[in-house]
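**Q** What follows is a structure written as structure tokens; I'll ask about it next.
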Amino acid sequence: MGWPLRLAIRNGDTSSHERARQLRTPPQILITTPESLSLLLANARAPELFGALQAVVLDEWHELMGSKRGVQAELCLSWLRRLRPGLRTWAVSATIGNLDEAARAAVGMVGRPRLITASIPRATAIRSLLPESIDGFPWAGHLGLRMYEELVAGLDPAVSTLLFTNTRNQAERWHQCLRFACPEMEGSLALHHSAIDRAEREAIEGRVKSGELRWVVATSSLDLGVDFQPVERVVQIGSAKNLARLLQRAGRSAHAPGGTSQVLFMPTHALELLEVSAMRRGLAEGLIETRRPPRLPLDVLLQHLTSLACGPGLMPAQELAAVRTAWSFRNLSDSDWRWCLRFLEEGGECLGAYPRYRKLERDGERFVVREPAIARLHRLNIGTITADRSVTVRFVRGAVLGHVEEAFIGRLRPGDVFFFAGRQLEFVRLREMTAQVKATTRRSTTVPAWAGGQMALSDLLSAQLRQEVDRCARALADGSESDGGGWLDSPELQALEPLLRRQAELSAIPRADQMLLEVCRTREGSHLYAYPFEGRFVHEGLGFLWAWRLARHRPSTITVSVNDYGFELLAPRGYPFEELLELHGDALLDVEDLDGDLEQALNLSELCRRRFRAIAQIAGLVVTGLPGQGRSGGQLQISASLLFDVFQKHEPGNRLLEQARREVLAEQLELPRLAAVLKRLQGCSWLIERPPRPGPFAFPLLAERLNNRFSNESVLERLERLKREAEAAEAR
């Protein structure tokens, strides 16, 4: 723009030479990350570097504020505001529902935030690729790549298009599919996800902006804050599971005032058509999800205090006042604060014998880190992202391609072929956390799978989905034809009509004030299918809770499988599900002692042990090691488990143990939402059906369970066999 200002970028990929230059001659504008900002605060020159700071801009604030990275940013800002009381803060977000809370989290507890919004309509046009025929026995993945011909027919080589997937594995597979289906697009087709080397990602982004690339298969790595003027259309492969995520991705196309975002939706299984119909209706109503900042994450606070002690020093009284101005720590108690200081200075009640846990020392009124080794190790491990250890993928004689998870590489033998970064690669050897590979023409279908967790329906989209199911129930109850008396008013619902009719004939479709339960028996045993339509995370907690409560009345081994629409309980043949529902149905929805029942049902201690690993890593109790001396994920888990056991035995009141339990209940099991669901279901009438075999709603749950079971028969073979058996039974 020709301004007389020096601009610099500082992140994990910035060279040491460039970092040193920034410290010698600081730029007027610095674009950075929460991790790099925290690292700057761990520098003794931090007061000098930020002494003249005028403003901070938090871009895509909704992405940060719902995570510990946002808390890290809050704490850094609390220190900067203490240094610079007149500091201005701008937070920018296009997709967030709780604007007031988001503004307060950005500016802290000092002063009043101002909201600046515009009522500029942003049109989003969604069109679904509809399969020629809807399978009455749908399961996740039965469409997807099998519909690639329809997708290719819907794409235009002359139209710049971003194709979004929900996982990196899915992106690799779709890129591979499009390369073979459209060889004429070689050179105009690219792959973009966070595991690919940054230099290659930036080169791809540059080629998109210049219009050289026409199609890019991507994950969320391209759906935030990227302005690609040439992009005219967005393809969403599989449900986005979230209105805000779909809106962000849609916004990458026609990125200009007055433009209409064009979204082509590609379902990966039939019931996702229900979701996209619900999304279209939700977006038309202007609905958008809220983001809640974590509450009192002491592991982030411990890391922040250690950073300050490594840098300008920690003044306890001043810093306590500053920390309490951060939204996530506004209710920090004196006892929690004293515990944190004691933990860092003395190692708490049971780690005092180990010098490396006694990090802080007193220097008059200040706390400082005197030991250079402790300070160096802390700076190398600053951050709140705690993904599994990654292995760098590099050509034997050439460039770095990116990184994959250690567990995937550990399964490969020299000579094995796999797809990564859009290339066919042969694994040569593993040396010091670097997988050396070479290009090959040998065919393979092996693609890395990254541990990122499965996306679940948001609470807002779940509510919209239940309304969509209610609409379908009304349409079929009217007994009208394909227009559903006006109820089946979207292309997706009309395409689903044969499947919906089969579901209604075999069982039922629930209204919004009903809870559908299906009880049936097969050669596998007795099945109970329940459909709250609340998302897989809630169904996981609900399924195990019901299994445990039922087993209290009639002991048995019960297997649980879940998806976004419901859950299945499978018990041995003859298990009296129907009788137990009649006698103890109310108890299944009881919210009293919900915490205790979940602890019994889910082995909460083991879940807390796994969550504690990430907390211990952020708090600095376990470290990933020095460069070139990285520790494996297994080693980190062992170290964290030892500490977990020590605290449980010798310091049961350890605040980090309490935090692990709180995070498991609130985030992993979504306890507040689970309690709300149980209360909602108490007001629903139960619709108990006895279908002769699993129907269209149940079949995806059956497939989910089969997918997690070992057999000499592939999942596809088993599902096809089950479909043939069901179709033969219907024919009879």
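The values are calculated or read from the model by the stated rules, or taken from the named source; none is laboratory data. Keep in mind it's a predicted model, so treat the numbers as computed, not measured. All Cβ positions, even for glycine, are placed from backbone atoms using ideal geometry, and neighbour counts span all protein chains on display.
**Q** If residue 331 satisfies all but one of (1) closer than 30 Å to residue 63 by Cα; (2) touching a strand residue (DSSP E or B) at 6+ places or on another chain (Cβ under 8 Å), what's the number of the condition it fails?
**A** For residue 331, the failing item is (2).
**Q** Take the residues in the stretch 95-120 that are under 19 Å from residue 290 (Cβ atoms), out of contact with any helix residue (DSSP H, G or I) (no Cβ under 7 Å at 6 or more places or on another chain) and not β-branched (Val, Ile, Thr); name whichever of them is surrounded by the most Cβ atoms within 10 Å (Cβ to Cβ).
**A** It comes out as 103.
**Q** Kindly list the number of the only condition in (1) β-branched (Val, Ile, Thr); (2) modelled with pLDDT of 95 or more; (3) over 31 Å from the mean Cα position of the chain (by Cα) that fails for residue 56.
**A** (3)
**Q** In the list 348, 364, 383, 352, which residue meets the criterion of being closer than 18 Å to residue 76 by Cβ and either modelled with pLDDT under 95 or not assigned by TED's automatic domain parsing to the domain that holds residue 77 (or both)?
**A** 383
**Q** Which residues, counting only those in the stretch 301-327, are among the hydroxyl-bearing types (Ser, Thr, Tyr) and buried (at least 22 other Cβ atoms within 10 Å of the Cβ)?
**A** 306, 307
Residues are listed down the side, and each one gets a yes or a no for (1) of a type in the set (D, E, K, R); (2) free of Cβ contacts under 8 Å to residues at least 12 places away in the same chain; (3) not in a helix (DSSP H, G or I):
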position	(1), (2), (3)
264	no, no, yes
270	no, no, yes
275	yes, no, no
282	no, no, no
295	yes, no, yes
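**Q** Among the residues of the stretch 493-511, what is the count of those that are touching a Lys or Arg at 6+ places or on another chain (Cβ under 8 Å) and either under 14 Å from residue 280 (Cβ atoms) or without any contact (Cβ under 8 Å) to a residue 24 or more places away in the chain (or both)?
**A** Adding up the residues that qualify gives 1.
**Q** Examine the stretch 277-295 for a residue that is among the polar types (S, T, N, Q), at pLDDT 85 or above and over 30 Å from residue 134 (Cβ atoms), and state whether such a residue exists.
**A** Looking through the stretch 277-295, at least one residue is among the polar types (S, T, N, Q), at pLDDT 85 or above and over 30 Å from residue 134 (Cβ atoms).
**Q** Of all residues in the stretch 174-203, how many are assigned to a helix (DSSP H, G or I) and crowded, with 19+ Cβ neighbours inside 10 Å?
**A** 5
**Q** Taking the residues in the stretch 368-424 that are acidic (Asp, Glu) and not in a helix (DSSP H, G or I) as candidates, determine which candidate is surrounded by the fewest Cβ atoms within 10 Å (Cβ to Cβ).
**A** 371
**Q** Can you name the residue in the stretch 101-124 that is among the β-branched types (Val, Ile, Thr) and either modelled with pLDDT under 85 or part of a loop (DSSP other than H, G, I, E, B) (or both) and, of all such residues, is nearest to residue 284 (Cα to Cα)?
**A** 124
**Q** Do we have any residue at all in the stretch 336-349 that's more than 30 Å from residue 236 (Cα to Cα), touching a Pro at 6+ places or on another chain (Cβ under 8 Å) and not in a helix (DSSP H, G or I)?
**A** The answer is no, given that none of the residues of the stretch 336-349 is more than 30 Å from residue 236 (Cα to Cα), touching a Pro at 6+ places or on another chain (Cβ under 8 Å) and not in a helix (DSSP H, G or I).
A quick yes/no check of all residues on (1) surrounded by fewer than 18 Cβ atoms within 10 Å (Cβ to Cβ); (2) under 19 Å from residue 687 (Cα atoms); (3) outside the structural domain of residue 649 (by TED's automatic domain parsing); (4) of a type in the set (Val, Ile, Thr):
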residue	(1), (2), (3), (4)
574	yes, no, no, no
579	yes, yes, no, no
582	yes, yes, no, no
586	yes, yes, no, no
590	yes, yes, no, no
593	yes, no, no, no
608	no, no, no, no
612	no, no, no, no
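**Q** Among the residues of the stretch 562-578, are any at pLDDT below 85 and among the β-branched types (Val, Ile, Thr)?
**A** no
**Q** Could you list, in sequence order, the residues of the stretch 650-673 that are at pLDDT 95 or above and either under 13 Å from residue 598 (Cβ atoms) or among the hydroxyl-bearing types (Ser, Thr, Tyr) (or both)?
**A** None; the set is empty.
**Q** Please go through the stretch 551-585 and pick out each residue that is closer than 18 Å to residue 532 by Cα and without any contact (Cβ under 8 Å) to a residue 24 or more places away in the chain.
**A** Residue satisfying the conditions is 560 alone.
**Q** For the stretch 1-100, which fully contained strands (runs of 3 or more DSSP E) count at least 2 residues that are more than 30 Å from residue 122 (Cβ to Cβ) and not assigned by TED's automatic domain parsing to the domain that holds residue 307?
**A** By residue number, 7-10.
**Q** Condition first: of a type in the set (Lys, Arg), modelled with pLDDT under 85 and assigned to a loop (DSSP other than H, G, I, E, B). Now tell me which residues in the stretch 228-262 satisfy that.
**A** Of everything in the stretch 228-262, just one residue is of a type in the set (Lys, Arg), modelled with pLDDT under 85 and assigned to a loop (DSSP other than H, G, I, E, B), namely 252.
**Q** Since residue 332 meets every condition but one in (1) touching a residue at least 40 places away in the same chain (Cβ under 8 Å); (2) closer than 29 Å to residue 96 by Cβ; (3) not polar (S, T, N, Q), which condition does it not meet?
**A** All conditions pass for residue 332, except number (1).
**Q** Can I ask one more? Kindly check whether there is at least one residue in the stretch 701-708 that is among the small types (Gly, Ala, Ser), surrounded by fewer than 17 Cβ atoms within 10 Å (Cβ to Cβ) and modelled with pLDDT under 90.
**A** No, the stretch 701-708 contains no residue that is among the small types (Gly, Ala, Ser), surrounded by fewer than 17 Cβ atoms within 10 Å (Cβ to Cβ) and modelled with pLDDT under 90.
**Q** I'd like the full set of residues that are at pLDDT 95 or above and among the hydroxyl-bearing types (Ser, Thr, Tyr), limited to the stretch 527-561.
**A** Matches in the stretch 527-561: 529, 531.
**Q** Taking the stretch 353-395 as the search range and keeping residues that are among the basic types (Lys, Arg) and over 35 Å from the mean Cα position of the chain (by Cα), which one is nearest to residue 406 (Cα to Cα)?
**A** 370
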